[in-house]
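The values are calculated or read from the model by the stated rules, or taken from the named source; none is laboratory data. As the structure is a computational prediction, the values presented were derived from the model and not from experiment. With ideal geometry, Cβ positions are generated from the backbone for all residues, glycine too; neighbour counts draw on all protein chains shown. Heavy atoms of the whole protein, side chains included, go into the accessibility calculation; ligands, DNA and RNA do not. Shrake-Rupley method; radii C 1.70, N 1.55, O 1.52, S 1.80 Å.
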Amino acid sequence: MITRFASPRFLALAGTVVLWASAFPAIRVGVDGLGLAALSFLRLAIAAVALVAVAPFARVRLPKRSDLPLIALCGLTGMTAYQILLNWGEIHVEAGTASLLIAAAPVFSILLGSAFLAEPLTRDIVIGSAIALAGTAVVTLADGVFGFTAASLVVLAAAVVQGVYHCATKPLLRRYTGLEVATYAMVAGTVFALPLTPAAVRAMPQAPADALLSAAFLGLLPSALGFVIWGYAVARLPLAVSTAALYLVPPVALTVSFVWLGEVPHLVELLGGGVVVAGVTLINRRRHRPVPPQSLRYDLAPQPASRRLDRR
């Protein structure tokens, strides 16, 4: 058993969780030193350059012209809008709290998939979605008893656009590999973020070293390397196993935020976060149980249309 969890595929999965969880405190450091606009642009640009640099070696193909509108939607929602909303929210919301609210993104992707992709919406999915959304409400109300705070709502909006991204990528994943879709979306997101370039140019000369290092860290590790090792793990594990691991991101983010930033989570935030994770885990477990594990394995290399799996 120990040998199994020490294998490269499980180590890659664990590395992805840690990298994506560490993004939340890194955003706080980067926003403090660079500002919202500069950090949003730099993270996207650095990640896009890194993915484009490895594209020839990974045999990434050019997308078809007919797929460009959907790719643009993915870049606008999952990259540009997500970065701006999350970074703005973290100016006022603690990093650990933000990670708990973002954990609701799979709920929105499932609901959108049912509405636009004709995916079945079972009773278990409805119950799990309600549980997860109730947990986000608890976390959002943690800072006050008089209603939702604006900053928490902005972070929750980031979870919504991330759900849109997951839904929009599904048709593309039938025709392209995961690496290709991520590269297309990251480049598109950087193009949409180009109006933020002047802010980045003005902020960089005056930014402290830790903020610049945080921007480089976010672009190269959680955004670029995080996707690469995530693809490595998913290619070698059942999708249910790899997806379930992502629900470890919020508790790991709380731990990293405590160690890095000294943020102590409130009890109500921990309770609400636990409810979120419980609801989304219920949805994930129920949806994937009927599928044989061996049918969920896939390679990163392009596959013929007749053999490509419907991957989320």
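What the table shows:
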{"read-out": "Matching residues, the range 55-84, being open to solvent by 50 Å² or more (accessible area, probe 1.4 Å) and out of contact with any Gly (no Cβ under 9 Å at 6 or more places or on another chain)", "value": "P56, F57, R59, R61, L62, K64, R65, S66, L68, P69, L73, I84"}
{"read-out": "Residue list for the range 34-68, filter: free of Cβ contacts under 8 Å to residues at least 24 places away in the same chain and among the polar types (S, T, N, Q)", "value": "S66"}
{"read-out": "The lone exception for R285 - which of (1) of a type in the set (K, R); (2) farther than 21 Å from R59 by Cα; (3) at pLDDT below 55 it fails", "value": "(3)"}
{"read-out": "Helices (runs of 4 or more DSSP H) fully within the range 1-77 counting 1 or more residues that are among the β-branched types (V, I, T), at pLDDT below 95 and at negative phi", "value": "2-5, 8-34, 36-54"}
{"read-out": "Selection count where residues are crowded, with 21+ Cβ neighbours inside 10 Å and modelled with pLDDT under 70, scope the range 126-155", "value": "4"}
{"read-out": "In the range 16-51, residue surrounded by the fewest Cβ atoms within 10 Å (Cβ to Cβ) [restricted to those that are touching a Gly at 6+ places or on another chain (Cβ under 9 Å) and farther than 19 Å from I102 by Cβ]", "value": "V49"}
{"read-out": "Single unsatisfied condition, K170 versus (1) open to solvent by 30 Å² or more (accessible area, probe 1.4 Å); (2) over 23 Å from L42 (Cβ atoms)", "value": "(1)"}
{"read-out": "Index of the failed condition, F108 passing every other in (1) open to solvent by 30 Å² or more (accessible area, probe 1.4 Å); (2) of a type outside the set (D, E, K, R); (3) farther than 25 Å from G279 by Cα", "value": "(3)"}
